[in-house]
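The values are calculated or read from the model by the stated rules, or taken from the named source; none is laboratory data. Here the structure is a predicted model, which means the values were calculated and not measured. As a convention, Cβ positions derive from the backbone with ideal geometry for all residues, glycine included, and neighbour counts pool all protein chains shown. Only protein heavy atoms, including side chains, enter the accessible area calculation; ligands, DNA and RNA are left aside. Shrake-Rupley method; radii C 1.70, N 1.55, O 1.52, S 1.80 Å.
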Amino acid sequence: MNKTAKLELDGKQYSLPTLVGTEGEKAIDISALRTQTGYITLDDGYGNTGSCLSNITFIDGERGILRYRGIPIEELAEKATSVETAFLIIYGHLPTRAELRRFSDLLTENQYLHEDMTFHFQGFPSGAHPMAMLSAMINAASCFDEGLMHWQFGARNEFEVYAARLISQVRTIAAFSHRKSRGLPLIYPKKAYKYTANFLHMLFSMPYEDYELKPEVVHALDLIFLLHADHEQNCSTATVRMVGSSQANLFASAAAGVCALWGPLHGGANQAVIEMLQEIHSTGDDGSKFINAAKDKNSGKRLMGFGHRVYKNYDPRAKIIKKACDNLLKVLNHNDPLLEIAKKLEESALHDSYFIERKLYPNVDFYSGIIMRAIGIPVEMFPVIFAIGRMPGWIANYKEIMEDPKGRIYRPRQVYEGPTEKHFVPIEERK
Ligand code: ACO
């Protein structure tokens, strides 16, 4: 029997139901609060607001735990591929061999874009940011399927096809966006290649000259996709749910997710980390000046790749990625001065009272950029890589929204602080 919370307001007592999630997360259900009391809750930035019930991902930020559908991220990182993990996240269980075969076949069958989409790519100026292209082209891709435009969620077969198409095509669009932004000829996907290898091929091959696929590189990028696959109600996933709640189609909702992901406080942080490390390197700073600036609120600087709304302990993905980063650089015999700076920064910040008191630890973006640099992925593509990785999470959250029997549109309220009623003043009387 769940407890009830007592609320006393304006001399009246109210009982609010509470609920406890499967991992012991406690919540007060305020869905009837306004009707009962006339009050709403105010939670700027949603730090204390549970916007939904979800079965997909569990995070315990205090203990540094992340699990997809119950399975710890460490186990998946060691034993699964990103495609297997995508299936797990979307459908709620690890795929059988037959399910994985079908899912992989659907990815392959859906990897080509409609050829007319190449004209859309031509319309972008060279140097256009690939995140702008990614978002626009995901949305555009939906226009090339009449069925998707009129699709009503519910037919499982169709959902399987559209989900696989989105996961597969986002990779093709991402690679084409890079090629276009650099003025390079488009390279089409190859049936023989698996998911991540195929992306690297489209990114780096040249006509008649295939990119040499090193297994360690393929594995490192696949791990980055896997580690980004979902992260519960972050800014972009909440956006996808918000847009999906209006019953916009899957592709439109995902395109909105890309826009939300773009900013430097979210998916753009991996790009911002490299830019920060480059700035430190080019000014000959050993990191100490930058750390001091990051602690000074007036400097406009933050230690990028540090801090997290939920993790108040080391981000478990950061641990995995730091190890992978060391391994890859060793295998590639790649000496990156930025890695040394990053390690020094981390060491200093972890012993600095400013960061200790605020529980600021490295997040997943702190080392992922160094891996991507070593692979040769240009910095403006970093948030795009994040978006490819996050697609299964967005799709699973969209599915959850569409399967919710209540199916209410998301519509927060506000506390208005603007002027009270005023009257229109004709232009000749205005001062
Ligand atoms: N460097 C310096 N100070 C920081 C940092 C940082 N990276 N992050 C937070 N702080 C400070 C804030 O100034 C604030 O200090 P105060 O209490 O003295 O005012 C305190 O720590 C709390 O910070 P908030 O901004 O309130 O934390 P919030 O939860 O809103 O923000 C965020 C989290 C956006 C991730 C923040 O830590 C940040 O900007 N980090 C750098 C950008 C980054 O790495 N983003 C990637 C996030 S992970 C992801 O999207 C995959």
* Electrostatic dipole magnitude of the chain [Cβ: Lys, Arg +1; Asp, Glu -1; Cα centre; debye, to 20] -> 420
* **In Hz, Karplus ³J(HN,Hα) per residue of the range 296-301 (6.51, -1.76, 1.60; θ = phi - 60°; x = Gly, Pro)** => 9, 4, 7, 7, x, 10
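How do 19-27, 255-263 rank on mean C-beta neighbours within 10 Å, highest first?
Details: 19-27: 11.4, 255-263: 22.9.
Output ranking for 19-27, 255-263: 255-263, 19-27.
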* To do: Excluding Ala80 itself, calculate the net charge of residues whose Cβ lies under 12 Å from the Cβ of Ala80, where each Lys or Arg counts +1 and each Asp or Glu counts -1.
  => -3
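What is the packing order of peptides 382-395, 60-73, 288-301, taking the mean over residues of other C-beta atoms within 10 Å and listing the highest first?
382-395, 60-73, 288-301
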* To do: Apply 1/(1 + (r/R0)^6) to the Cβ-Cβ distance of Glu78 and Asn333, taking R0 = 22 Å, and write down the FRET efficiency to the nearest 0.05.
  => 0.35
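With the full set of protein chains in place, find how many percent of the accessible area of the range 270-375 is carbon and sulfur; take the probe as 1.4 Å.
Using a 1.4 Å probe with all protein chains present, the range 270-375 comes out at 47 percent carbon and sulfur.
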* Structure fact -> the range 92-132 and the range 1-73 have their Cα centres apart by a whole-number Å value of 37
* Picking from Gln13, Gly24, Ile73, whose Cα lies most toward the positive end of the charge dipole for the chain (charges on Cβ: Lys, Arg +1; Asp, Glu -1)? -> Gln13
* Output ³J(HN,Hα) for the range 49-60: one whole-Hz value per residue in order, computed from phi by the Karplus curve 6.51 cos²θ - 1.76 cosθ + 1.60 with θ = phi - 60°, and x for Gly and Pro. => 10, x, 8, 6, 9, 9, 10, 8, 10, 10, 10, 10
* **Heavy-atom accessible area order for Met133, Met402, largest first, 1.4 Å probe** => Met402, Met133
* Carbon and sulfur together cover what percent of the accessible area of the range 125-249 at a 1.4 Å probe radius? -> 55
* Counting Lys and Arg as +1 and Asp and Glu as -1, what is the net charge of the other residues whose Cβ lies under 13 Å from the Cβ of Gln122? -> 0
* Structure fact -> the chain accessible area per residue, 1.4 Å probe, protein heavy atoms, integer Å², reads 53
* Asked: With r defined as the distance between the Cβ atoms of Ser246 and Arg413 and R0 fixed at 25 Å, what FRET efficiency is calculated, to the nearest 0.05?
  -> 0.90
* Asked: Which whole-Hz ³J(HN,Hα) couplings does the range 413-419 yield from phi under the Karplus relation 6.51 cos²θ - 1.76 cosθ + 1.60, θ = phi - 60°, glycine and proline marked x?
  -> 10, 8, 9, 6, 10, x, x
* To do: Mind giving me the nanometre distance, one decimal, between the label points for Ala132 and Ala5, set 7 Å out from Cα along Cα→Cβ?
  => 4.4
* To do: Heads up, I need the accessible area for Leu7: 1.4 angstrom probe, whole protein in place, Å², nearest 10.
  => 50
* Structure fact -> SASA check, His308, accessible area w/ 1.4 Å probe, all protein chains in place, rounded to nearest 10 Å², comes out at 50
* Name the residues whose placed amide hydrogens come within less than 5 Å of the amide hydrogen of Ala5, ignoring near sequence neighbours (fewer than 5 apart) on the same chain. => Leu16, Thr18
* Structure fact -> Listed by chain and number, the residues whose amide H is under 5 Å from that of Phe306, excluding neighbours fewer than 5 places away on the same chain and using placed H, are Asn363
* Obtain the radius of gyration and the Kirkwood radius of the range 133-226 from its C-alpha atoms and give Rg over Rh. => 1.02
* Asked: Using the alpha-carbon centroid of each, what span in Å lies between the range 174-247 and the range 338-369?
  -> 27
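Note down the net charge around Gly147, summing +1 for each Lys or Arg and -1 for each Asp or Glu among other residues with Cβ under 14 Å from its Cβ.
-3
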* Would you mind calculating the gained length between Asn298 and Thr18 on full extension (0.36 nm times residue separation, minus the Cα-Cα distance), in nm to one decimal? => 96.6 nm
* To do: Enter the accessible area of Tyr91 (Å², nearest 10), with the probe set to 1.4 Å and all protein chains included.
  => 30
* To do: Just check the range 270-375 against the gyration tensor rule for me: Cα atoms, a ≥ b ≥ c as the square roots of the eigenvalues, rounded for a/c under 1.5, and otherwise prolate or oblate depending on whether a/b exceeds b/c.
  => oblate
* Asked: Which one of Ala174, Ala269, Ala80 has the biggest mean-square fluctuation once the chain is modelled by GNM with Cα springs under 10 Å?
  -> Ala80
